[in-house]
1. Can you name the condition, by its number, that B:TYR424 falls short on among (1) more than 16 Å from ligand 2 (Cβ to nearest atom); (2) closer than 19 Å to B:PRO83 by Cα?
2. Do we have B:TYR476 as aromatic (Phe, Trp, Tyr), within 10 Å of ligand 2 (Cβ to nearest atom), open to solvent by 20 Å² or more (accessible area, probe 1.4 Å) and more than 14 Å from chain A (Cβ to nearest Cβ) here?
3. What are the pairs with Cβ atoms under 7 angstrom where one residue, in segment B:176-197, is away from chain A (no Cβ under 14 Å) and the other, located anywhere, is in a loop (DSSP other than H, G, I, E, B) and open to solvent by less than 80 Å² (accessible area, probe 1.4 Å)? Sequence gap at least six, or different chains.
4. Name the single residue that is nearest to ligand 2 (Cβ to nearest atom) among those in segment B:442-473 being among the aliphatic types (A, V, I, L, M) and surrounded by fewer than 24 Cβ atoms within 10 Å (Cβ to Cβ).
5. For B:ARG517, state whether it is more than 13 Å from ligand 2 (Cβ to nearest atom), open to solvent by 20 Å² or more (accessible area, probe 1.4 Å) and touching a Phe, Trp or Tyr at 6+ places or on another chain (Cβ under 9 Å).
6. Filter segment B:473-491 down to the residues that are farther than 19 Å from B:LYS506 by Cβ and touching a strand residue (DSSP E or B) at 6+ places or on another chain (Cβ under 9 Å), then identify the one that is farthest from ligand 1 (Cβ to nearest atom).
7. Identify, by number, the condition in (1) over 22 Å from A:PHE49 (Cβ atoms); (2) not assigned by TED's automatic domain parsing to the domain that holds B:GLY26 that B:GLY185 doesn't meet.
8. When you check A:VAL14 against the structure, is it among the hydrophobic types (A, V, I, L, M, F, W, C), farther than 30 Å from B:THR116 by Cβ, within 17 Å of the chain's Cα centre (by Cα) and surrounded by 12 or more Cβ atoms within 10 Å (Cβ to Cβ), yes or no?
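The values are calculated or read from the model by the stated rules, or taken from the named source; none is laboratory data. Here the structure is a predicted model, which means the values were calculated and not measured. Quick reminder, even Gly has a Cβ in these numbers, built from the backbone with ideal geometry, and neighbours come from all protein chains shown. Surface areas here come from the heavy atoms of the whole protein model, side chains and all, with no ligands, DNA or RNA. Shrake-Rupley method; radii C 1.70, N 1.55, O 1.52, S 1.80 Å.
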Amino acid sequence: MRRSQMPSTHTLAVLVENKAGVLARVAGLFARRGFNIESLAVAPTDERFSRITIVVDAQSAPIDQIKKQLDKLINVVDIVELSTESAALREMVLVRMKVDPGKVPEIEELVEGFSGTIINATEDHLMLSLSSHPEDLDDLLSQLRPFGIEELQRTGAIAIPRIE
Amino acid sequence: MQMDGGQALLKALEFEGVEMVFGYPGGAILPVYDSVLESGIRHVLVRHEQGAGHMASGYAHATGKPGVVMVTSGPAATNIVTPLADAYLDSVPIVAITGQVPYGLIGTDAFQETDTTGITMAVTKHNYLVSDPNDIPHIVHEAFHIATHGRPGPVLIDLPKNITDAANPDSLMTWKDPGPLDLPGFQPVLDADPADVTAAVKLWTEASRPVIYAGGGILKARGAAELTALAERTNTPVVTTLMARGAMPDSHELNLGMPGMHGNYTAVMAMQEADLLIALGSRFDDRVTGRLDSFAPDAKVIHVDIDPAELGKIRMPDVAIRGDAKRVMAAMLAEFGSATLADHGGWRSTLSGWQENYPLAYESAEPGGKLKPQMVLERLRDASPKDTIVASGVGQHQMWASQYWQFDHAYTWLNSGGLGTMGYSIPAAIGAKAGMPDRTVWAIDGDGCFQMTCQELITAAVEKIPIKVALLNNSYLGMVRQWQEMFYENRYSEVDLGGPVPDYIKLSEAMGCVAIRVEDPDEVEAAIERANAINDRPVVVEFVTEPEENVYPMVPGGKSNSEVVVPPFQQKERNQ
Ligand SMILES: Cc1ncc(C[n+]2csc(CCOP(=O)(O)OP(=O)(O)O)c2C)c(N)n1
Ligand SMILES: [Mg+2]
């Protein structure tokens, strides 16, 4: 598959304590230190901890400094930097399209090629989802765009290290 | 034991060994203040909450114990934002307790509600909003631990009124001594990796122009003795930053004094020409480095800091050592063993040549002219006990104080280095004196700074904390005026403080101080002696000084340290 050579982003898996305000602390740190967030996904892993997957813009600051500043937050327990090789990276997108009725089969074929799912379809509307590597989402979306995307929502990437 | 949250807070403070709190009461913190009456902790009632914050800082720096500030919600909480930011940038361990509206009212724009934890997130090391009074003992315990361990800093605890108010059933709690700490995300590393120490020592033995760049972290780590030992063992000259003044005696021949924007010529140039900088608890602040891309161009760097985020943040080190400065210095000393170092003879003679040609110096006043501030500080230094604690404001007077005082003891210099907070000196001096009542404490203040926080002299008078203030009155916001003179073609904009108002003598007397005005050079010594002899109330000595005196040397903002400007009379000598 097409994976870019020089990463323009870094992916961090950040384990945090489930304490009130922890997301504000992380987001506030990025804002005040001038680090740019590409995407952020967060949910509890158990009673005590949550995992935040942050994709950061590699241009905005040295990744080492971003990791060290994050680590200073008292509620941040662990930070792992994930590379495409070392991690399983997934993202989901929901797309609603208004299309030329004659194009529906073509679009269905395209979505199937990415192992996406058509959630429902009318004569001139399509609703679909794809859960895959974020770059696959980028590819699919760029191919769908000429057909007429009405609305879309991406979740932001989530990631954990691969089995060795 | 059953109690309410207010009682639990005081008990928790006592459990942490707190002896003194600087604060100001109000609605949301009222129940806690009711418990203050029963407590053995001394409460110092300030006149503005900002003062309480700086007092806690001054107390902490002078005593080595965390300072505590306690105020109500809303405007009181926002009034301590400045001292929190100040303590955050200068890594001072303080714990702030703020009242908050009852938990159920949070988010409703209730009277005196502010989002205190939200507002202070960026200026504290950590903060807490407590929802259950049973959490008070362990949260207070954690707060003190976090404030004082690793890189120290301020921690805030926001206490909603419903959990402290005895009249509210929400406040009922059962006291339990805090158990073991459970902070998986806060595990400071104190001891260096031995391989890094070995690598550092190797670089050091090879260097021919080494300089120790000593920062405030050495004082936080209580490593002053190790610094001198390490400098002596390696025969390496030391520069002490604004935050590290006193970390090594100024009288020591290896101590070159303060580097940076207003550092002395030798300290500035020593860093600039070094082939090795050993940065110990310092952070390559822009006021030290000047223009970064031309800073110390030939130097390799060993950087020691307890905060790993400082390593490589500004200047990439050749050897980065994460650890407590005191322990790392001890490890380095051990690692040196009987190693021999490269010869520094040439380097030392370069340095003494600079010292001879460009000493810190000023031109004496013309006969009948106004007092020179530098002369006043020299006299004050010579007439005061050697271990006098000095707290300064921010401006020209701060730079002269750092330059002309002789700091031969650690923890005798208090100032606002990172934030540059005007008004710091009087409250910080009060905090230091409250914690160290047997020491002489002088606030060295500017007239602009004095007008920001002088009301705390009422606190000093009423609470019987007899500090002394040397007010260097140049009737200007002098530091700003100097920049306007040098970089804005003498276009003075809003820097004239409009003397003779206020009358500092009447003002100080009205606040319960003894006040002395000095205009004649022959009266300087007598006034200082009189002030030093007064121990039952605060004293203000107003020195009316030369208004247009400038601070030299100076590295103009954004310029390379190599372009350091020496005073005009030394420039002439240079051209001869
Ligand atoms: C709270 C705050 N406001 C503004 C400044 C900017 N500033 C730095 S020094 C200075 C002048 C200080 O005047 P004064 O206290 O009279 O000291 P001097 O420089 O005259 O010795 C000002 C306005 C500051 N550092 N802090
Ligand atoms: Mg002034």
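1. The single condition B:TYR424 does not satisfy is (1).
2. Yes, satisfied.
3. Close Cβ pairs (under 7 Å, with a partner that is in a loop (DSSP other than H, G, I, E, B) and open to solvent by less than 80 Å² (accessible area, probe 1.4 Å)) amount to B:LEU190/B:GLY323; B:LEU190/B:ASP324; B:ASP191/B:GLY323; B:ALA192/B:GLY323.
4. By that ranking, first place goes to B:MET452.
5. Against the criterion (more than 13 Å from ligand 2 (Cβ to nearest atom), open to solvent by 20 Å² or more (accessible area, probe 1.4 Å) and touching a Phe, Trp or Tyr at 6+ places or on another chain (Cβ under 9 Å)), B:ARG517 qualifies.
6. Ranking the qualifying residues of segment B:473-491, first place goes to B:MET486.
7. (1)
8. Details: among the hydrophobic types (A, V, I, L, M, F, W, C): yes; farther than 30 Å from B:THR116 by Cβ: no; within 17 Å of the chain's Cα centre (by Cα): yes; surrounded by 12 or more Cβ atoms within 10 Å (Cβ to Cβ): yes.
Spelling it out, it is not the case that A:VAL14 is among the hydrophobic types (A, V, I, L, M, F, W, C), farther than 30 Å from B:THR116 by Cβ, within 17 Å of the chain's Cα centre (by Cα) and surrounded by 12 or more Cβ atoms within 10 Å (Cβ to Cβ).
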